[in-house]
Amino acid sequence: MSGSQSGFDMTKPIGAGRIAACVGLLVLGAAVGVAGALVQGGLFPGGLLLALLATAAVFLGGRRATRSQLGLGAAVAGWLVSVILLSMGRPEGDGVFAAGIGPLVYLLGGMVIAVICATVSRSAVSAARSGPRSR
């Protein structure tokens, strides 16, 4: 697969619009991470499913909006930083994530979703939509 097919062309400079989009996706990823951390514990198990679906949507949306892995990476970075900061807690012992299976599934599930979104190529998705080709 060439550089232009993957959406990241090393010969073209990154414009101000793409930088602004990546900063926006970084903030959006962080917001989805915080919202997911709060929802997954409060509305278990539906909240967990909703949080994971929102995580997948922001990751795929970031990739599609920028037409490159750069948008996906920005959304993932924002999500990961916010989730890590929330999971550390405070010195007093307060934390957003409680002990249990829900927070663990949210953390690991979000990381698995990020890897899946990064490795699924757009050509495979478009080939699946168009159906089998006749020769």
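With under 14 Å from residue 106 (Cβ atoms), small (Gly, Ala, Ser) and without any contact (Cβ under 8 Å) to a residue 24 or more places away in the chain as the only criterion, which of 54, 20, 37 stands out? It would help to see each step written out before you state the result.
On the way: 20 fails: under 14 Å from residue 106 (Cβ atoms); 37 fails: without any contact (Cβ under 8 Å) to a residue 24 or more places away in the chain.
Residue meeting the stated conditions: 54.
If only one of 53, 49, 80 is crowded, with 17+ Cβ neighbours inside 10 Å, within 17 Å of residue 112 (Cα to Cα), at pLDDT 80 or above and out of contact with any helix residue (DSSP H, G or I) (no Cβ under 7 Å at 6 or more places or on another chain), which one is it?
Going through 53, 49, 80 in turn, just one is crowded, with 17+ Cβ neighbours inside 10 Å, within 17 Å of residue 112 (Cα to Cα), at pLDDT 80 or above and out of contact with any helix residue (DSSP H, G or I) (no Cβ under 7 Å at 6 or more places or on another chain): 80.
I'd like to know if the stretch 39-53 contains one or more residues that are β-branched (Val, Ile, Thr) and outside any loop (DSSP other than H, G, I, E, B). Reasoning before the result, please.
Of the residues in the stretch 39-53, the ones β-branched (Val, Ile, Thr) are 39.
With outside any loop (DSSP other than H, G, I, E, B) added as a condition, the list becomes 39.
Looking through the stretch 39-53, at least one residue is β-branched (Val, Ile, Thr) and outside any loop (DSSP other than H, G, I, E, B).
The values are calculated or read from the model by the stated rules, or taken from the named source; none is laboratory data. The shown structure was predicted, so the numbers you read here are calculated from the model rather than taken from an experiment. Cβ atoms come from the backbone with ideal geometry, glycine included; neighbour counts cover every protein chain shown.
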